[in-house]
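In what follows, a single structure is set out as structure tokens and then discussed.
The values are calculated or read from the model by the stated rules, or taken from the named source; none is laboratory data. What you see is a predicted model, and the numbers here were worked out from it, not measured in a lab. Note that we place each Cβ from the backbone using ideal geometry, even for glycine, and neighbour counts take in every protein chain shown.
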Amino acid sequence: MAADSLIGVTETAITYLDHAASAPMRPEAIEAIMPFLTGNYANPSGSHRFARRTRQAIDEARDQVAVVIGCRPNEVVFTGCGTESDNTAISGAVARRGGVAVCSAAEHPAVLQVVEHLGGRVVGVDASGRIDLEQLASTLAAEDNVAIVSVMAVNNEVGTITDLAEVGKIVRRHAPGALLHTDAVQAVCWLDLRQVTPEVDLLSLSAHKFGGPKGVGILIERGGPQIEPLIIGGGQERERRSGTQNTAGIVATAVALELTDRERESEAIRLSELRDRLVAGLQRQIEGIVETVVPDRKVAGSAHVCIAGVESEALLYLLDEANVCASAASACASGAMEPSHVLAAMGVDRGVALGALRLTLGYTTTESDIDRAIEVIDSAVRKLKR
Ligand code: PLP
């Protein structure tokens, strides 16, 4: 990736393997954003023609988003981020229906912390990070009133894919009145959402994970409003999320989403080959390195390994010095010395989990990024083991 596109880093090339934390914005999305930052600034709720034009741009973006997600345009709610979409789904379901919220132990904090805050139930996961279906069934059967079950489509740390059809069957059998929500923030680049959406009632996305801007989220509410809004006020987004819409961000999000969808299949093939080359290269060079989840259970762009005898914090420091961008856990948790809650829930030994390294690939990743990453990680690990 060209270094001068990263503010403040100009002297050497950046090897950016942190796409799951945030993807670089697509040039086409930047181009789409500009007219709404410069000329077309009217409030989309206004009553003049200038405002009508911005409203029309949001409507067109909503139509584009609905096609990729496989829902109706009036089921698309634009929010401020993935976290807001997750919070709205869970808090809004409990506020409307009473009862408890249930989620898996491997959820992103944007789900897990809300469920815990509301006194909900957390269901264990297997060694790959997939929700334990038997435990889910018994948890749901033991509750009188389940408001919502939230299970992520793809895990943000280890990349594991959830079989949402299986989860849906269990929810319908043991908690037929409950809503099913999925945090699909990490799924967009890898899974066809048209096949995911029909399995759930609510679905969350975040634009900056697929080449859109930061500060735009999407919540899909299928079959009409079934939850309370989190933000009330001017009644935008048909009373489901008040606040003046981020017109520029929404337009760019739709462009990025369409491009991601169009390139998804070919990119998954290209990037799974690069991911395999990366993991094989690391395994060849470094002793005591273990791939956390086998490739056929996870998305193409995810390489997660644990390196025995190495602490992630120290390794990330050396990688940072060499301009290799990676992470240890989710970006929100990096910087903490505790092993990730996802690895702990998967039963990964604490000592092993402290050597976790997440490398995530995306549309800008090239073969030379992979080769450079192998070289830099190998040399950093040797230094730390010395
Ligand atoms: N859910 C998952 C699975 C994520 O990976 C993230 C971001 O890391 C979020 C939710 C939060 O999204 P945002 O950064 O837009 O708030």
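The residues listed here are ARG173, ARG241; of these, the one that is in the same structural domain as TYR41 (by TED's automatic domain parsing) and in contact (Cβ under 8 Å) with a residue 60 or more places away in the chain is ARG241.
Quick test for you: out of GLY347, GLY309, GLY362, pick the one residue that is closer than 21 Å to TYR16 by Cβ and assigned to a loop (DSSP other than H, G, I, E, B). Spell out the reasoning first.
Details: GLY347 fails: closer than 21 Å to TYR16 by Cβ; GLY309 fails: closer than 21 Å to TYR16 by Cβ.
Answer to the selection: GLY362.
Residues in segment 206-216 that are surrounded by fewer than 19 Cβ atoms within 10 Å (Cβ to Cβ) and on the phi > 0 side of the Ramachandran plot: GLY215 only.
Conditions (1) among the β-branched types (Val, Ile, Thr); (2) over 24 Å from ILE370 (Cα atoms); (3) modelled with pLDDT under 95, marked per residue:
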| residue | (1), (2), (3) |
| --- | --- |
| ILE250 | yes, yes, no |
| LEU257 | no, yes, no |
| GLU263 | no, no, no |
| GLU267 | no, no, no |
| ARG270 | no, no, no |
| ARG275 | no, no, no |
| LEU282 | no, no, no |
| ILE286 | yes, no, no |
| THR292 | yes, no, no |
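The number of residues in segment 192-219 that are more than 27 Å from ALA178 (Cα to Cα), among the small types (Gly, Ala, Ser) and within 11 Å of the ligand (Cβ to nearest atom) comes to 3. Can ALA93 be described as within 16 Å of the ligand (Cβ to nearest atom), in the same structural domain as LEU203 (by TED's automatic domain parsing) and touching a residue at least 40 places away in the same chain (Cβ under 8 Å)? No, not satisfied. Look at segment 200-228: where a residue is of a type in the set (Val, Ile, Thr) and a partner is near the ligand (Cβ under 10 Å from one of its atoms) and assigned to a helix (DSSP H, G or I), sitting 6+ places away or on another chain with Cβ atoms under 8 Å, you get VAL216/ALA207; VAL216/HIS208; ILE218/SER85; ILE218/ALA207. Checking LEU203, LEU191, LEU164, LEU219 one by one, the residue that is at pLDDT 95 or above and surrounded by fewer than 24 Cβ atoms within 10 Å (Cβ to Cβ) is LEU191 and no other. For segment 336-359, does any single residue satisfy the condition of being of a type in the set (A, V, I, L, M, F, W, C), surrounded by fewer than 15 Cβ atoms within 10 Å (Cβ to Cβ) and within 16 Å of the ligand (Cβ to nearest atom)? Looking through segment 336-359, at least one residue is of a type in the set (A, V, I, L, M, F, W, C), surrounded by fewer than 15 Cβ atoms within 10 Å (Cβ to Cβ) and within 16 Å of the ligand (Cβ to nearest atom).
Condition check for SER138 on (1) among the small types (Gly, Ala, Ser); (2) touching a residue at least 12 places away in the same chain (Cβ under 8 Å); (3) assigned to a helix (DSSP H, G or I): one failure, at (2).
Among all positions in segment 50-69, there is no residue which is within 12 Å of the ligand (Cβ to nearest atom), assigned by TED's automatic domain parsing to the domain that holds GLY223 and more than 30 Å from ARG172 (Cβ to Cβ).
Screening segment 304-332 for residues that are more than 16 Å from the ligand (Cβ to nearest atom) and over 13 Å from VAL381 (Cβ atoms) and picking the one that is surrounded by the fewest Cβ atoms within 10 Å (Cβ to Cβ) gives GLU321.
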